[in-house]
Amino acid sequence: MPITIDKRGSINLPADVRKSLGLQPGTHLDLQVVEGGTRPE
């Protein structure tokens, strides 16, 4: 699922992703770059 970074550097996660992960306003995320991968298999 492509995610676009806006001009302020923000990203928007689709509502179904937020719901499935239980994300609420104020939730902190720790993003990680994984070599050679963009999607779980």
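The values are calculated or read from the model by the stated rules, or taken from the named source; none is laboratory data. Bear in mind the structure is a predicted one, so any value in this text is a computation, not a measurement. Please note: Cβ atoms are built from the backbone with ideal geometry, for glycine as well, and neighbour counts cover all protein chains shown.
Observations
- Criterion (assigned to a loop (DSSP other than H, G, I, E, B) and modelled with pLDDT of 90 or more) met by exactly one of Gln32, Gln24: Gln24
- Complete set of residues in region 2-18 that are out of contact with any Leu (no Cβ under 9 Å at 6 or more places or on another chain) and part of a loop (DSSP other than H, G, I, E, B): Pro2, Thr4, Asp6, Lys7, Arg8, Gly9, Ser10, Asn12, Pro14
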